[in-house]
Amino acid sequence: LPIFSLALNPSQVILAGPLTLLGEILLDPIRQRAEEIVRAAGGSVPTIVNSTMGEYSGAVGAAALAVEEWKPAR
């Protein structure tokens, strides 16, 4: 995991899914562990938050990708 953290170096990680309903009960331990791992590896710790897109965030993302990639027939 530390290698991925350093290689990708995201500034923010956004979590989605049903477990995010747990809020800070879920986020706090994830943030603490991420900080331990990333700091030990010499990286910068990303902000870790829950998505605010709601239960259809996956469908919205898939639709956005389809619109982005769509090209008219010739």
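Spin-label pair R74-A16: with each label point 7 Å from Cα along the Cα-Cβ axis, the two points sit 3.3 nm from one another. If you fit an axis through the alpha-carbon atoms of helix 24-40 and take the longest principal axis of the Cα set of the chain, what angle between them do you get, 0 to 90°, nearest 10? Result, in degrees: 70.
Read-outs throughout are calculated quantities, based only on the coordinates presented, and are distinct from any laboratory measurement. Owing to the predicted nature of the structure, the values given are computational and were not obtained by experimental measurement. Methodologically, a virtual Cβ is constructed for each residue, glycine included, from the backbone with ideal geometry; neighbour enumeration extends over all protein chains shown.
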